[in-house]
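The numbers here are math on the coordinates, done by the rules we state, and not lab data. Note that the structure is predicted; figures quoted are calculated from it, not measured. Note that each Cβ is placed from the backbone with ideal geometry, even for glycine, and that neighbours are counted across all protein chains shown.
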Amino acid sequence: MNETHVTIDEINGQPEAIEAVLEELAGNEDVATVVSNASTFCLVGCGTSYFLSLTGSALLNESAVSFAVPGSEVFIAQDQLPSVSVDVIIPISRSGESTETVRATEHLQGMYPDATVLGITCTAGSSIHELSDVPILSPAGAEEGVVMTKSYSSMLVALEYLALVAAGEDADATAWDSLPSDSERILEAADVVASELGSQTDIEKFVFLGSGEYYGLAMEAMLKLEEMTLGWTKAYHSLEFRHGPQSIADDNTLVTVFLPGRNTGMHANLVADITELGATTLVVGTESSLGDVTGDYKIEIPDRNPTSLSLSAPIFQLLGYYRAVESGLDPDEPKNLSQVVTF
Ligand code: F1P
C-alpha cells in the first residue's frame, strides 16, 4: 500500500478508528436511554457530515421518524423543516466547529427546547461536543488530512449503532468485534481494485449509485472523487440512473453500484443495462447480494448481520486517492478546501 500521504495513512487507519468508537459506545447507558425513548430524530451536518446524516436518517427511519438537513438549511429554510416535535437532535461534525452545524444546533435547541442533543464528533472539547447533552466521541477519528475518511467510517458506525438501539435491539450483542478485522480485509481487497481503476486514465467519468441508506454513501463517494481528483463525478438513487443520467454512459465511464442486499434482481438488470451502454461497472456488496450480478469489477463485503456500510467506504476513498496521485494532485491539499469551514 502507498504510504506517502497523510490521507492514505488515515484511510488505512479506519479499522482502529472503528474499534475505538465501538469501545466508546459499548455499554453507554446514556446513549441507550436517550435513543430507546425517542420517536423523532433530526440529523444535521455539512459536506461529508451531511451525507452521514442522510445515511443515519435512512437507518433510523426503519423504526422511528427521522429527517436529515444540511446545517445551513436549518436557519435559511426553517419554515420547510417537517412540522413535527423532535425528541433527539443529532449534529454530526468531525471538527465540531463547522459554523453552520453549530449554528443549526443552537437554532434547533431553540425550536425544540425539550429535545436532547446527541452530538457525534471526532473532536473532544469542540463546540458540538460542548453543546451535546449526550456526546458521542470518535476518539481515533480526528484527521490531519482535509478530506474525511476514517472520521467518516467511524462516525458512520456510531450511527449504525444508534439505529440498532432505536430499533429496540441490543446493539452490544451485535458482532461488532469482528468489524475492525473485516475493515482490514476490505481495505486490502479494495486497494487492489482502486489502484487499478485509479490508474486507468481512459476512465474520465465516475458515477455512484445507491438506494435507501446507500444513497448517502453514494453521495459521499461522489464528494471524495470531487475533492481529491477535481474530476467529473455524480451520484444518484440507483434506479434513477435510467431516467436521464444514463445519457452520459460510455466507455469512458465507471459506474459503481452499491448493492443493498434487497431487490437483487432489479440491481442485476440495472447493471446489465449499464454494461450494454458501454460503461465499466464496479459492484460492491455481500456474496448474497452479488448473486448473479455481472459487474466488470466486484468488491465482496463480508456477510454480517447487520452489515456495516463502513465496509463499502474504502473502495471510493482509495479510488479518489489513487486517481488524485495518478493526476499529479496532492490528496492531502485538495484545491480550494480547508479542514473546517467557519465564518
Ligand atoms: C465537514 C466538511 C467536510 C469537507 C471539508 C470541510 O466538516 O465540510 O465535509 O470535506 O473537510 O469540512 P465537519 O463539520 O464534519 O468538521
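Summary table
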{"read-out": "Debye equation applied to the C-alpha atoms of the range 104-252, log10 I(q)/I(0) at 0.17, 0.19, 0.21 Å⁻¹", "value": "-1.23, -1.35, -1.43"}
{"read-out": "Rounded to whole Å, sorted largest first: equivalent-ellipsoid semi-axes of the range 218-287, Cα gyration tensor", "value": "19, 15, 11"}
{"read-out": "Cα centre as origin, Lys/Arg/Asp/Glu Cβ charges: the chain dipole, Debye", "value": "840"}
{"read-out": "Charge tally in the Cβ shell below 13 Å around PHE51, where Lys, Arg are +1 and Asp, Glu are -1, PHE51 excluded", "value": "-2"}
{"read-out": "Alpha-carbon spread of the range 239-343, three principal axes, descending order, Å", "value": "46, 36, 29"}
{"read-out": "Residue order, fewest to most beta carbons within 10 Å, for VAL134, VAL117, VAL255", "value": "VAL134, VAL117, VAL255"}
{"read-out": "Cα-centre dipole for the range 1-154 with unit charges at Cβ (Lys and Arg positive, Asp and Glu negative), debye to 20", "value": "360"}
{"read-out": "Centre separation in Å (Cα based) which lies between the range 258-285 and the range 141-168", "value": "27"}
{"read-out": "For the chain, the fraction of alpha-carbon pairs in successive 20 Å shells from zero, as %", "value": "33, 59, 8"}
{"read-out": "Among GLY27, SER126, VAL102 - extreme Cα towards positive end, dipole of the chain, charges at beta-carbon", "value": "VAL102"}
{"read-out": "Per-selection Rg to Rh, the range 1-65 - Cα, Kirkwood hydrodynamic radius", "value": "1.09"}
{"read-out": "Sequence-distant lysines (8 or more away, or on other chains) whose Cα lies within less than 18 Å of LYS335", "value": "LYS224"}
{"read-out": "More than 21 Å apart - percent of Cα-Cα pairs taken over the range 1-160", "value": "40"}
{"read-out": "Cα pair distances in the range 18-99, grouped into 5 Å bins until the bin that holds the longest one, percent each", "value": "3, 14, 22, 24, 23, 10, 4, 1"}
{"read-out": "Reciprocal mean inverse distance between Cα atoms of the range 128-168 - Kirkwood radius, Å", "value": "11.5"}
{"read-out": "Sum of side-chain charges, LEU282 neighbourhood, beta-carbon under 9 Å (Lys, Arg +1; Asp, Glu -1)", "value": "0"}
{"read-out": "Mean Cα-pair separation over length for the chain, i.e. relative contact order, pairs under 8 Å, 6 or more apart, %", "value": "20"}
{"read-out": "Cα pair distances in the range 178-324, grouped into 5 Å bins until the bin that holds the longest one, percent each", "value": "2, 10, 22, 25, 23, 13, 4, 1, 0"}
